[in-house]
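Peer 1: One structure coming up, written as structure tokens, with questions to follow.
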Amino acid sequence: MHNCDRRQIGLCVQLQQEVWSFAIKAGRIMSKITTYQEAEEYVLSIPQFTQKNTWEQTRDFYEFLGKPGQSSRIIHVAGTNGKGSVCAYMDSCLREGGYSVGMFTSPHLITVRERIRLNGEVISQTDFLQTLLELKERLREYRRKLTDKGKKYHPAFFEWLFFMNMLYAERNSPQVIILETGLGGRLDATNVIDFPAACVITPVSLDHMEYLGDTCEQIAKEKAGIIKQGSRVIYSAMRRECEKVISRKATECGCSCRKVTKGQEMGFNLKHKGIDFSFYSRYYGYIPMSLTTKALYQTENAALALVALEEAGFDLSPETMQRGVMNCCWEGRMEEIDPGIFLDGAHNRDGIEAFLETVERDGCQGERWLLFSVVSDKEYDRMTAQITDAGLFQRICTAPLENARGLGQEQLEVLFAGDKVRVFENVPRALEEICALRGEKDIVYVAGSLYLVGQVRACFTGGSNSQ
């Protein structure tokens, strides 16, 4: 055996020992959890001591828990862009129709509790703690069962929150649970469910290629992995090669399949604080709709949500759909957090394209500012090229994120070369400068990463976790 092989083996053994040493320490911490703050601290520390589990391991533990949440009707949502918005529109419309609804989404902007909601409300600190302690006890029971087999298991970060969501839902018995996948779909933790009432797939594009594949077809195949025997499949119009993958998978599973085209929503009128458009319902014909957002892409997300609810057999009147769409607010998606300051979660090529389409039609009478930052595993060079080529912003500011994945200050300086671009040492400092210098008629946009949106949102809301 070569010396380099011995060194590599030694490093692997050392790393494994460190991981399990941290896990043992975390186990001691977990045994002492008595407050919400301790519970949150534990959940946020999970990535430091866990490794990714196989889908089979995740399913085995879910089955050990008794498949919580399966008594509710489940709507499963996958895709690249728009998943959270589609979930939010479905949630709002169902609640307007009198249904009780649980919803699991990711990522969060300020508090991890945002990922778990019941009837529009983020899980409370008390319920978060109670659910975590319940999951902790069940995990102990499961580990005792595994001891005889010589195996070890701890849910990864996303799995842990998914299990908490399903236990919380089981305790509250909502009529409907809306689940958003994390990455992909086929091997996603949420895909352990058995019989979704509907499988909804938003537009697929190149993102997370290191995990999902290098082509749109490969990524579409992963997203289509949520389709199960006998489900109803509803998907957005997208690249033809992706549509073929989805329809083929639906056919293999014996599923009804419906594509939502741009003709489903038409005739939009951009107003000062929102958008009017018409939605075509299979049962009621064209229905006038109003959105309380300036994001043009939300007309497509709202239409997909409404078609999915119709296909899944939910009986919603035109008035209910209108109220649900109008009353829906999804944080960080062209959200006006302060007069003239908009937050948008655009964080890949297609997202930036949709973001720029809305900016171009904003009717700005002053200057446009952009506060931009990005994480290192995105196609940031293409994203910045899209922004500069559009020529819509008179002033561009950038700053590194409070996240290990974010580009550093020096990298951002190289990324944006030009006199009108200013690089700050951190996001709060950049935001302070923008707010001090912008004119009365100027519009400020924040985009490039949901981590950035969360940081800026926390600056305006105080980062409150008091619910």
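The values are calculated or read from the model by the stated rules, or taken from the named source; none is laboratory data. Remember, it's a predicted structure, so these values are computed and weren't measured experimentally. With ideal geometry, Cβ positions are generated from the backbone for all residues, glycine too; neighbour counts draw on all protein chains shown. Accessible surface is based on the protein model in full, side chains and every heavy atom, while ligands, DNA and RNA are left aside. Shrake-Rupley method; radii C 1.70, N 1.55, O 1.52, S 1.80 Å.
Peer 1: Got a number for carbon plus sulfur as a percent of the chain's accessible area, 1.4 Å probe?
Peer 2: Answer for the chain: carbon and sulfur cover 48 percent of the accessible area.
Peer 1: Arrange the residues 99, 153, 284 by how much accessible surface each exposes, largest first, with a 1.4 angstrom probe.
Peer 2: 284, 99, 153
Peer 1: Express the accessible area of the stretch 74-168 per residue in Å², computed with a 1.4 Å probe while the remaining protein chains stay in the model.
Peer 2: Result: 31 Å² per residue.
Peer 1: For the residue pair residue 100 and residue 429, what label-to-label distance in nm results when each label sits 7 Å from Cα along the Cα-to-beta-carbon direction?
Peer 2: Taking the two extended label points, one gets 5.1 nm.
Peer 1: What number in nm² do you get for the stretch 58-201 if you take the convex hull of its Cα atoms and divide its surface by four?
Peer 2: 8.4
Peer 1: So if R0 is 35 Å, what FRET efficiency would residue 45 and residue 251 give, r being the distance between their Cβ atoms, rounded to the nearest 0.05?
Peer 2: According to the calculation, E is roughly 0.20.
Peer 1: From the cross-link list 136/259; 223/273; 136/221; 244/273; 273/420; 32/151, which pairs have alpha carbons spaced over 31 Å apart?
Peer 2: Cα-Cα > 31 Å for 136/259; 223/273; 136/221; 244/273; rest within.
Peer 1: Take the Cβ-Cβ distance between residue 215 and residue 382 as r, set R0 to 25 Å, and report the resulting FRET efficiency rounded to the nearest 0.05.
Peer 2: For residue 215 and residue 382, the calculated efficiency is 0.95.
Peer 1: Convert each backbone phi in the stretch 402-407 into a coupling constant with the Karplus relation 6.51 cos²θ - 1.76 cosθ + 1.60 (shift: θ = phi - 60°), then list the ³J(HN,Hα) values in order as whole Hz, x for Gly and Pro.
Peer 2: Each residue of the stretch 402-407 in turn: 7, 7, 4, 7, x, 5 Hz.
Peer 1: What Kirkwood radius, in Å to one decimal, follows from the Cα pairs of the stretch 312-438?
Peer 2: 16.4
Peer 1: Still on this structure, I have one more. Would you mind listing how long the chain runs along its three principal axes, going by Cα atoms, in whole Å with the largest first?
Peer 2: 69, 55, 46
Peer 1: Could you order 90, 326 so the one with the most accessible surface comes first? Probe is 1.4 Å.
Peer 2: 326, 90
Peer 1: Tell me, in nm to one decimal, what length is gained between residue 292 and residue 67 on full extension, where the rule is 0.36 nm per residue of separation less the Cα-Cα distance?
Peer 2: Length difference between fully extended and current span is 77.2 nm.
Peer 1: Let me have the 222 nm mean residue ellipticity of the chain computed from DSSP H runs of 4+ only, each contributing -39500 (n - 2.57), with the sum over all residues rounded to the nearest 500.
Peer 2: After summing the helix terms and dividing by residue count, I get -14000 deg cm²/dmol.
Peer 1: Along the Cα-to-C-beta direction of residue 441, a point sits 7 Å from the Cα; which residues of the stretch 389-427 have their amide N less than 19 Å from that point?
Peer 2: 392-395
Peer 1: Sort the following peptides by mean Cβ neighbour count (other Cβ atoms within 10 Å, averaged over residues), highest first: 342-350, 40-48, 56-64.
Peer 2: Output ranking for 342-350, 40-48, 56-64: 342-350, 56-64, 40-48.
Peer 1: Now for a different question. Could you give me D for the stretch 250-383, from Stokes-Einstein at 37 °C and 0.692 mPa s, where the hydrodynamic radius is the Kirkwood radius over C-alpha pairs? Units µm² s⁻¹, please.
Peer 2: After rounding, the answer is 197 µm²/s.
Peer 1: Can you bin the stretch 406-461 into rounded, prolate or oblate? Criterion: square roots of the alpha carbon gyration tensor eigenvalues sorted a ≥ b ≥ c, rounded for a/c under 1.5, prolate for a/b above b/c, oblate for the rest.
Peer 2: oblate
Peer 1: Still on this structure: Sort 460, 314 by accessible area with a 1.4 Å probe, largest first.
Peer 2: Largest to smallest exposure gives the sequence 460, 314.
Peer 1: Could you compute how much accessible surface residue 143 exposes when probed at 1.4 Å, giving the result in Å² to the nearest 10?
Peer 2: Here the accessible area works out near 80 Å².
Peer 1: What are the semi-axes of the equivalent ellipsoid for the stretch 72-122, taken as the square roots of 5 times the Cα gyration tensor eigenvalues, largest first, in whole Å?
Peer 2: 17, 14, 9
Peer 1: Would you please classify the overall shape of the stretch 149-261 from the alpha carbon gyration tensor, given that a ≥ b ≥ c denote the square roots of the eigenvalues, rounded means a/c under 1.5, and beyond that prolate means a/b larger than b/c while oblate covers the rest?
Peer 2: In terms of gyration-tensor shape, oblate.
Peer 1: Run the numbers on the chain and let me know its relative contact order in percent, using alpha-carbon pairs under 8 Å that are six or more apart.
Peer 2: Averaging sequence separation for qualifying contacts and normalising by length gives 15 percent for the chain.
Peer 1: Also, I was wondering about something else. Compute the relative contact order of the stretch 253-355 as a whole-number percentage, counting only Cα pairs closer than 8 Å that sit 6 or more residues apart in sequence.
Peer 2: It comes to 20 percent, rounded to a whole number.
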